[in-house]
Structure formats: C-alpha cells, structure tokens
Amino acid sequence: MIIVEHPESHAGRGWRLGRVVVHVTLAVVCLFYLLPLYVMVVTALKPMAEIRAGHLLALPAAPTLAPWAAAWSTACTGLSCDGLAPGFWNSVRILVPSVLLSVAIASLNGYVLAFWRMRGSQVLFAVLIFGAFIPYQVLLYPMVMLLRGLGIYGDLTGLVLVHVLLGLPILTLLFRNFFAGLPPDLIHAARIDGAGFWGVFLRVLMPLSAPVCAVALMLQVTGIWNDFLFGIVFARPETYPMTVQLNNIVNATQGVRLYNVDMAATLLTGLVPLMVYVVAGRLFLRGLLSGAVRG
Amino acid sequence: MGKVTLRNLSLSIGPERVLDDLNLTVEQGELLVLLGPSGCGKSTLLQAIAGLTGISGGQVLIDGRDMAGVDPGRRGIGMVFQSYALYPQMSVRGNLRFALKNAGLPRAEIAARVDRVAAMLQLDGVMARKPSALSGGQRQRVAIGRALVRDAGLLLLDEPLSNLDARLRNDLRAEIRRLHDATGRTMIHVTHDQVEALGLADRIAVMQGGRIVQVDTPERIYRQPDTLFVAQFIGAPGINLVPGQVLRDDDGWAVATDLGRIGLDGPPRAPGQVQLGLRPEHFVTDTQPRPGAIRAQVDRVEPLGADTYLHVTAAAQRLVVRALSGRDIPAPGATVYLSPDPAQALLFDAQTGRRM
Ligand SMILES: Nc1ncnc2c1ncn2[C@@H]1O[C@H](COP(=O)(O)OP(=O)(O)OP(=O)(O)O)[C@@H](O)[C@H]1O
Ligand SMILES: [Mg+2]
C-alpha cells in the first residue's frame with residue numbers, strides 16, 4: 001500500500017487517522033483468518049486429555065505428533081480404519097494425470113486458437129467462454145451417464161476424465177490470451193526460421209509460458225485436490241480422494257470424537273495446495289520478472 | 001538468387017485494400033528501399049513476400065518461382081523485424097542457430113556458420129547472453145545475424161533502425177550498406193525515414209496508400225518526383241509548393257503566382273492550373289534587392305549544421321529557403337530577396353498531382 005503525504009496539505013491528521021483505520025481493519029481481518037488456523041494447529045498437537053480440560057487457545061503443555069500419525073494411518077471411517085493414507089494416494093493418482101493432461105491439452109488448444117485461423121474458431125472461442133462458467137451441478141447427471149456409457153464410472157480414469165474436461169475451458173482461455181498477447185513478430189520470426197507447427201509451439205512459445213503455466217498449475221492443483229463433489233459422485237470407497245476420506249473420518253459416528261486427530265487430518269489434507277502456492281507462486285514471480293518478451 | 005517479382009499483388013484485410021495491385025521487380029543483388037508514410041502497407045508488403053500473411057490476388061515470385069503455398073521457411077529469405085523479435089529465452093547463440101537447427105544441419109556446420117556471422121557482426125563477446133542483457137545496437141545486430149546465418153539470397157528488413165538513437169542509426173545504416181556490398185544479397189529495406197532511404201538505396205520504391213507510386217534511383221526520386229506526393233514526402237525541409245497558372249507572354253513561358261511572375265525555361269508547356277515546386281536550395285537568397293527577385297520577410301532561422309534554413313513569408317506565402325553559406329545569415333524580421341532558379345522548378349498538374 002502506498003500512502004502519499006503532501007507536505008503542505010492540511011489534511012495530515014486526516015491521513016494519519018485513515019492509516020490507523022486501515023491498519024486496524026487489516027489486523028482484525030488477519031486475526032479472523034489466523035485464529036481458527038491457530039486453534040487447529042494447537043489442537044492437533046495436544047493429547048485428548050488436554051483438550052478435554054477445555055482451554056481452546058492454550059498452547060499444548062505436552063506436544064505430541066501421535067494425532068498426526070493416527071490421522072495418516074489408523075483413523076476410522078465408518079467402514080475401515082486405514083486413516084487418510086489411501087485417500088491421499090488416490091488423490092495423487094487423480095491429480096497428477098489430470099493436471100498434466102489438462103495443462104498439455106489446454107496449452108495446445110490455446111496456441112491453435114491464438115495463431116492458426118481456422119473455420120469456426122470464433123464459435124469455438126465463444127463456446128469455451130460459456131463452458132468456463134457453467135455451474136458444475138448441471139453437468140453431474142450427464143457426466144454420470146457418459147462415464148457409465150464408457151464403462152469407467154467409479155474408476156480413477158473416469159474421475160481424471162471429468163477433471164480434465166471441466167478444466168479445459170478456463171485453461172484454454174488462459175493460454176489463448178497469453179499467447180495472443182505475445183508479439184506476433186516472434187511467431188513470424190520462428191516461421192521464417194523454418195519452425196513448423198510443433199517447433200513454434202514447443203521451442204518458442206512453451207519456454208515463454210512459465211508464468212501462465214504456474215497459474216494453470218495453481219488453479220488445477222487446488223481445484224482438483226480440494227474437489228469433493230466429483231469425488232463423492234464419481235468414485236467408489238476404494239477410489240475416494242483424500243477430501244472424501246477426510247469427510248468420512250471427521251463424520252464417523254462410532255466412539256468418542258478425537259478432535260486432535262480430526263484437526264491433524266484436516267491440516268494434512270490442506271498441505272498439498274498450500275505447498276503448491278508456495279512453490280508455484282515463486283515460479284510465477286520468477287516467470288514474470290524474467291519476462292522481457294520484447295527482446 | 002533473390003530476385004523478387006510482384007505481379008498485380010493485392011491484399012485486403014476486411015473491406016480495406018491494404019495492398020492494391022502492386023507491380024515491382026527487385027533485381028538480384030539490389031538494395032531496394034521501400035519508403036512511405038506510416039500505415040501505407042510497407043510491413044504488410046514484406047509479410048506478403050515472406051508468406052507470413054495470405055494474399056488476395058496476384059503473384060509473388062522469387063527467382064521466377066511462384067511462391068503461392070510455399071512456407072515462409074522455404075522461400076529462401078531472412079527477415080529482420082522492427083521489434084527485432086529475438087527469442088527471449090534463448091541466448092544470442094541460440095537465436096543465431098535456431099534456423100540452422102530447424103533445417104537439420106550437422107552440428108559442426110551450424111557452429112561454423114554461427115561463428116562466422118558472429119565474427120562479421122562483432123557479437124563474439126556476447127554469445128552466451130540473453131537478448132534482455134544486450135544494448136539496442138547489439139540486439140539489432142543479433143536480429144541481422146539471425147537473418148544472415150541462413151545464407152538466404154533475399155533479406156527483408158522492416159525498419160530495423162527505427163528505434164535507435166540518431167548516432168547509432170547512422171552507424172548501423174553504413175553497416176547494412178557494407179553488409180549488402182560484402183554479401184551481394186538482394187535486400188528489401190523498409191523505412192519511413194527519407195534520409196535513410198536516400199543514403200542507403202540502389203533504388204527507392206515510394207508507397208502511398210497501398211500502391212507503389214514511383215520506383216527510381218534516390219537521385220531521380222529527389223530531383224524528378226513523379227507526383228506531388230513524392231515531391232512532398234522527400235526532402236527535409238520539405239519542398240515549397242506555390243499554386244499558379246501557366247501562361248505564355250512576351251518573355252516566354254511563365255507561371256503567374258501570388259509571388260509574381262516566375263519565368264520558366266525548357267520546352268513549352270500546356271497552359272493550366274499548376275503547383276509550382278521549388279526546393280529550399282532552388283532559391284538564391286540575397287539581402288540586397290535584385291531585379292526580378294521576390295521580397296520576403298524572415299520569420300525564423302533554422303540552423304541545421306552544414307546549412308541554415310530561413311522560414312520566410314512572401315506575399316502571404318510561407319516558404320523555406322536555404323541561406324547561402326559563407327554569407328551573413330539574416331536575423332528574424334529582416335527582409336531578403338529570393339530568386340528562384342527556373343531550371344530547377346518542378347511543375348505539377350493541380351488536378352492530378354502528376355508532374356508535367
Ligand atoms: N490486422 C489488421 N486488421 C486491419 N487492418 C490492418 C491490419 N494490419 C494492418 N492493417 C492496416 O493495413 C495498413 C498497412 O499496415 P502496415 O503495418 O503494413 O503499415 P506500414 O506501412 O508498415 O506502417 P508503419 O510505417 O507504421 O510500420 C494500415 O492502414 C493498417 O491499419
Ligand atoms: Mg511497419
């Protein structure tokens with residue numbers, strides 16, 4: 001935030017007051033977001049006895065990692081007691097191919113839409129924009145029918161297909177707009193230099209696409225990892241992603257509520273998107289800074 | 001290698017005719033400069049020759065071969081772009097060898113050719129740098145190197161000097177001419193800078209609104225412009241145009257203008273409305289009255305180094321004339337006497353703008 005102070009202005013006091021208001025507001029908002037996180041973290045580090053003692057905000061007296069281990073490998077859903085681990089691996093198996101496929105296909109689509117004028121490309125573009133804003137609920141039933149028809153309903157493959165298809169419109173737009181914003185002479189130069197369809201794409205454009213790839217990666221990883229709706233609709237208990245598994249653990253009805261395990265499980269589930277923000281965010285910045293596209 | 005022929009070339013973008021029925025031959029080994037105001041279609045013409053844009057009619061022939069359907073990479077051309085369009089993620093070396101790698105040449109040959117071009121353009125020291133770490137002049141040389149390294153017979157240069165400072169522009173202009181003479185390649189060089197055009201070209205093609213209006217040597221473009229447009233576009237300061245009427249009186253042919261009677265010599269002309277064109281150096285300027293001289297008042301003095309130009313008003317006509325060197329330069333407000341040189345006067349038909 002930049003606050004410009006004019007030396008001669010008589011509004012100095014007003015400015016200072018405004019700045020105080022802004023800072024207080026920011027602090028309150030921060031607290032509002034950080035407090036629950038704090039509670040989660042300390043709770044996940046406390047043994048149950050300490051939690052029952054009831055000091056929600058107190059630091060753990062005897063910190064323990066046992067709830068984390070339990071959340072990972074022994075926490076019970078209604079059906080089994082394998083913890084989050086199977087869900088984690090399912091999520092990885094869904095995430096990796098979905099992200100790679102959707103980014104690969106979308107970048108290629110964006111390239112074609114941006115540079116290779118073909119019949120119907122305008123119509124396709126309009127459809128894509130529309131597709132990016134369709135509410136997912138509308139698609140659930142047709143998707144179930146489609147996957148049934150293909151015989152992959154309940155498989156991870158089916159879930160991957162759903163994620164790829166639904167990610168394509170927005171990612172394609174993202175890539176198209178990025179490519180369309182590059183100087184056309186860059187592509188002209190590459191074509192004169194004898195680069196063909198793939199040469200222009202792979203050797204000239206993709207190496208410039210780190211920033212937009214980072215954005216796509218963040219969008220897709222968080223979207224797919226956090227997905228609950230498609231996971232619960234399109235998967236079976238053996239193929240449930242981590243989010244669904246988490247839900248089943250937290251909502252398991254037998255026995256006492258193990259708040260520390262629930263908190264640890266929730267934090268574990270949120271770790272992957274968090275890491276992606278940290279890693280890809282840095283990549284994103286580096287991509288922006290090293291840009292200098294107009295050589 | 002590198003002879004270009006355009007036959008009735010047309011190109012429309014939407015309803016707009018960007019190139020209109022162009023005919024032009026660029027001889028092998030020639031350095032042709034395409035000159036014209038912004039938006040007249042120069043870049044579009046280069047792109048049409050390179051095959052980077054489709055054409056709506058006519059033919060582009062390179063070495064007599066119709067280029068319809070031939071890929072830009074297979075036309076035997078190198079191109080330098082106004083924005084340079086260097087590949088930002090590749091080093092200078094990577095930029096230079098990109099085309100050769102695409103052509104699938106053996107590694108040793110690629111290295112040899114890249115090194116040769118780098119030496120010719122004095123890029124040896126910066127081969128590992130990215131374009132963003134180069135100066136404007138170095139970038140421009142990399143762009144030229146990238147076009148040269150392919151040993152193409154035809155080089156298309158789209159305003160390669162336009163975003164450099166004046167000093168560097170002069171240096172690199174000389175360098176381009178030297179490269180042309182050393183390599184003997186056909187070059188088509190686009191510019192809207194007439195000084196650059198006059199200094200560089202074997203021949204100049206002047207474009208206006210998607211048409212080529214005159215193709216000639218720099219000398220003839222300057223001295224014998226075919227149209228008013230060419231006359232006005234070439235020369236700095238610009239040509240003086242004075243409306244008048246051609247007539248014949250007892251002293252022979254003359255033009256009656258607001259400045260008075262200006263005698264003409266040369267062959268008889270047809271009477272009619274004309275624009276009389278006189279370049280600043282076509283006046284003898286004096287501070288003393290002379291018989292037949294036009295009286296004028298100096299508004300402004302513009303010293304441009306070697307020459308000094310006077311902006312004057314004579315009979316409500318604004319003129320720019322060259323002050324004779326080696327004499328006292330009149331001050332603003334002074335009165336001067338102008339004697340136009342009738343042998344140099346250009347006459348343009350007031351209706352059609354064509355030279356008579
Ligand atoms: N994509 C386009 N759509 C519509 N009109 C275009 C397009 N590209 C170029 N034009 C028009 O074509 C004409 C010629 O453009 P061009 O870029 O060839 O001009 P130029 O002579 O190179 O100008 P400059 O000296 O400014 O580079 C211009 O009037 C421009 O408006
Ligand atoms: Mg141009």
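The values are calculated or read from the model by the stated rules, or taken from the named source; none is laboratory data. Just so we're clear, the structure is a prediction, and the values are computed from it rather than from any experiment. Every residue, glycine among them, receives a Cβ derived from its backbone with ideal geometry; neighbour counts consider all protein chains shown. These area figures cover heavy atoms from the full protein model, side chains too; ligands, DNA and RNA do not enter into them. Shrake-Rupley method; radii C 1.70, N 1.55, O 1.52, S 1.80 Å.
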* What distance in nm separates the simple spin-label points at A:ALA126 and B:ASP249, each placed 7 Å from Cα in the Cβ direction? -> 7.1 nm
* Structure fact -> If one builds a Gaussian network model of chain B from Cα atoms under 10 Å apart, the most fluctuating residue listed among B:VAL149, B:VAL312, B:VAL70 is B:VAL70
* Asked: What's the center-to-center distance, using Cα atoms, between region B:266-325 and region B:94-113 in Å?
  -> 58 Å
* Structure fact -> For chain B, the accessible surface attributable to carbon and sulfur atoms (probe 1.4 angstrom, ligands and nucleic acids excluded) amounts in percent to 46 percent
* Compare the Cα positions of A:GLY110, B:ALA306, A:ALA61 along the charge dipole of the protein assembly as shown (+1 at Cβ of Lys, Arg; -1 at Cβ of Asp, Glu; about the Cα centre) and return the one farthest towards the positive end. => A:ALA61
* What does the accessible area per residue of chain A come to in Å², with a 1.4 Å probe and no ligands, DNA or RNA counted? -> 56 Å²
* Structure fact -> For B:LYS3, counting only lysines whose alpha-carbon sits under 30 Å away and dropping same-chain residues fewer than eight positions off, the answer is B:LYS42, B:LYS101
* Asked: What residues of region A:169-187 lose no less than 30 Å² of accessible area with every protein chain in place versus their chain by itself (probe 1.4 Å, heavy atoms only)?
  -> A:ASP185, A:LEU186
* To do: In whole angstrom, note down how far apart the Cα centers of region B:178-228 and region A:90-108 are.
  => 55 Å
* Structure fact -> Share of accessible surface on carbon and sulfur in region A:85-289, whole %, 1.4 Å probe and ligands ignored, is 71 percent
* Regarding region A:83-228, what are the three Cα extents along the principal axes, ordered largest first, in Å? -> 56, 33, 24
* Structure fact -> Of B:ASP165, B:ASP151, B:ASP286, the most mobile residue in a GNM of chain B (C-alpha springs, cutoff 10 Å) is B:ASP165
* Asked: Under a Cβ-Cβ limit of 4.7 Å, which cysteines in chain A have nobody to pair with?
  -> A:CYS30, A:CYS213
* Asked: Mind checking which of A:LEU246, A:LEU217, A:LEU229 has the largest fluctuation in a GNM of chain A, springs on alpha carbons under 10 Å?
  -> A:LEU229
* Asked: What dipole magnitude, in Debye to the nearest 20, does chain A give about its Cα centre under +1 on Lys/Arg Cβ and -1 on Asp/Glu Cβ?
  -> 420 debye
* Other protein chain Cβ atoms within 10 Å, averaged over every residue that makes up B:77-86 -> 5
